[in-house]
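Below: the structure, in structure tokens.
Read-outs: derived from the displayed coordinates by stated rules, not from any lab. All of these numbers come straight from a predicted model, not from anything done at the bench. Cβ placement follows ideal geometry from the backbone for every residue including glycine, while neighbour counts extend to all protein chains displayed.
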Amino acid sequence: MEDTRKTVLRTQHLGITFGGLKAVSDFNIEIKEGELVGLIGPNGAGKTTVFNLLTGVYKPTEGAIFLYDEKISGKKSHQVVQAGIARTFQNIRLFHQMTVIENVLVAFTKDVKYGLFSAIFRTPAFWKTEKELHEKAMELLKIFSLDDKADVVASNLPYGEQRKLEIARALATNMKVLLLDEPAAGMNPTETADLLKCIKVIREKFKVAILLIEHDMSLVMNVCERIQVISFGQTIAAGLPEEIANNQQVIEAYLGK
Amino acid sequence: MKKENTAFRYLINLVAIIILMVVFVVLSFHSNNTLKLKVAPAVWQCCYLIIMAASLNLVLGYLGQLSLGHCGFMAVGAYTSALISLALQRAGFYTEKNSIQFAITLIISIVAAAVVAALIGVIVGIPALRLKGDYLAIITLGFGMIIVNLINNIPFCGQQGLAEGAASSALYANGLGFTNDEKQSFMWVGVLIVVLCMTTMVMFVRSKFGRVIRAIRDNEIATSATGNDISYYKILTFVFSAFFAGIAGALYSCANVSLATTSFAFTNGSILNSVFIVVTVVVGGMGSMTGSVIAAIGMFLLNYTIKNGSWVNALPEFLKNVFTYPMLVYSIALVIVILFRPKGIMGDKELSLFDIPGYPKRIASYFKNKKAAKEV
């Protein structure tokens, strides 16, 4: 079956060297619209480094990244987000002293049209934008059933909901590709099941492409359409979940010979 | 967000501001010696201390960056306004202070002070805000010292002001400097400026700008991962804060007949120096505008009673000795505040007129909880 969906994110021979260490080399991935691709590999394989490259935290020393046909490698982190790649973090990075709704509103900032003048003199434009944003934020929170906790300070949320809020915040940037860095890390089975549901909802509602790093194999095998495996910065396998599960090289990378 | 409720809150606050202004306008035209000699100078001092604390709070409390050179911006503002007013006076633009010409001079000087301080803020902010934490603190500390030395060595800032060739740490003549009479009759102007500045800062904080800078304080990486340019917001806030420090400087030159750069140093024996402003913000609560106001007034009153209170003489000998070192008293006060309110008097909450009716209840429940905690 030939896939007719357009490619959203594409990398070409992406690589980065820290001093003499080749953290990632010759990394090629193609993600199509609405697709969910898993990125797995043993600890220290370079998965998070790939994320940092894709989001502009690190500048690649070789290769290039394209979002549709726009080259985004070399852009600054916030410009990459504005172009349409949003991410969550392995260790949760919320604005912990701010309320849940404020966390989401910060991600809406780039859509805010009013300037300093309107903010200080409280022009009608200010009220209108703020009202719209609040409504948008509440809608988004509703999808994650966080709407009744909108005014709770983020650090007071339970762990699973903090993860969800981080995903909601990433979605608020109105991106095309969502990068999830170990969303199920540290979660109990119920929370993981909840997360799974959440990911399905995101895919239905937002039609975004998702790249997922995860160690929880049941989750990966369950949701991913395709999986790419890296080890020591090298891609060792790529394909459908069943293929990966039976791939000799992958099993060796995880368990040793 | 309930719109009607918001409108009602704005209305109540507006009424409160009007009442405050009416009180001060009445006080300004009431002839009374205590008012003239004690209250008016105190109000002027409070005015610039409040603006200083609140504007530093933008950087320290909301943006989360430690700036130790805030008084440098105030010095820029003070000298700019003093020199401009002095120049206008020498040019014969105004002769007495109860005239329209003087009002114009005052406005020009304040605006110029704010703008020049903001420009210096841009120049300092762009390189400095690439650093964070201790490094930023050291850079701003250096800036505060450099600016004082620069002013000391610019000839026209010297002894006579505008007169070439006599550089010194003092600018003795100051066009804006009010006498006690004028301090009283212009008292309402000072309060009005404070109200305007505070309103502007609160509006800034309660908009997308405030949201983003608090996000930067909480997590810089996540802020840029939500598509916000952190350097832009950092510099904007720094400049915004410098702008108000400049206004505070202009008020300072209104409240003093002569200027000396030692008043704006990193640390000195008085209540106005960069470190003390930082302490005021911490005591008031980082991230609370009303906290800054309360702390600024509180710190001033503490200073005032120590320096002028006859009650100090009534203390036993060993305690009196303590009070001859005001800094010691501040330190003790600071330790007490940090012990009982680790996040400052207000924490990151704001004091709202709407909360006041609920306070007796909250205080009661606070003690009840404490008692319950003890019993357990």
Convex hull volume of the Cα atoms in the protein assembly as shown, per residue, in Å³? 218
Looking at the stretch A:1-82, which chymotrypsin sites (Phe, Trp or Tyr not before Pro) are in a loop (DSSP not H, G, I, E or B) and have at most 14 other Cβ atoms within 10 Å? A:Tyr68
Say R0 is 60 Å: what FRET efficiency, to the nearest 0.05, do B:Ser31 and B:Lys371 get from their beta-carbon distance? 0.70
Only helical DSSP H runs with n ≥ 4 go in: add -39500 (n - 2.57) per run for chain A, normalise by residue count and round the 222 nm mean residue ellipticity to 500 deg cm²/dmol. -11500 deg cm²/dmol
Under the definition of Cα pairs under 8 Å and six or more residues apart, what whole-number percent is the relative contact order of the stretch A:7-255? 28
Restricting to Cα pairs under 8 Å and 6 or more apart, the percent relative contact order of chain B works out to 27
Peptide A:101-113: average number of partner chain Cβ atoms within 10 Å per residue? 5
First check a/c for chain B, with a ≥ b ≥ c the square roots of the eigenvalues of its C-alpha gyration tensor; if it is under 1.5, answer rounded, and if not, answer prolate when a/b is larger than b/c or oblate otherwise. rounded
For the peptides B:114-121, A:233-240, what is the packing order when you average, over each peptide's residues, the other Cβ atoms within 10 Å and list the highest mean first? B:114-121, A:233-240
Against the 2.2 N^0.38 Å rule of thumb, the C-alpha Rg of the stretch B:84-202 sits at a ratio of 1.28
For chain A, go through all pairs of different Cα atoms, get the mean of 1/r, take its inverse, and jot down that Kirkwood value in Å. 19.3
For A:89-95, mean number of other protein chain Cβ atoms within 10 Å: 4
Considering every residue in A:114-121, what mean count of other chain Cβ atoms within 10 Å of its Cβ is obtained? 5
Starting from the stretch B:1-69, pick out the trypsin sites (Lys or Arg not before Pro) whose DSSP state is loop and whose Cβ has at most 14 other Cβ atoms within 10 Å. B:Lys2
What order, most packed first, do the peptides A:181-191, B:322-332 have when packing is the mean number of other Cβ atoms within 10 Å of each residue? A:181-191, B:322-332
Shape verdict for the stretch B:152-249, please, from the Cα gyration tensor: rounded (a/c under 1.5), prolate (a/b greater than b/c) or oblate. oblate
On average, how much area does the Cα convex hull of the stretch B:227-376 cover when viewed from any direction, in nm²? 14.7
Peptide ranges B:225-238, A:202-215, B:272-285 listed from the most packed, as the mean C-beta count within 10 angstrom indicates: B:272-285, B:225-238, A:202-215
With a Förster distance of 41 angstrom and the Cβ-Cβ distance between A:Ala245 and A:Lys207, calculated FRET efficiency to the nearest 0.05 equals 0.90
Taking 0.36 nm per residue of sequence separation and subtracting the Cα-Cα distance, how much length would be gained by fully extending the chain between B:Lys343 and B:Val195, in nm to one decimal? 50.8 nm
When only Cα pairs under 8 Å and 6 or more residues apart are kept, what is the percent relative contact order across the stretch B:62-127? 42
Shape call for the stretch A:145-257, from the Cα gyration tensor axes a ≥ b ≥ c (a/c under 1.5 means rounded, otherwise prolate when a/b beats b/c, else oblate), comes out prolate
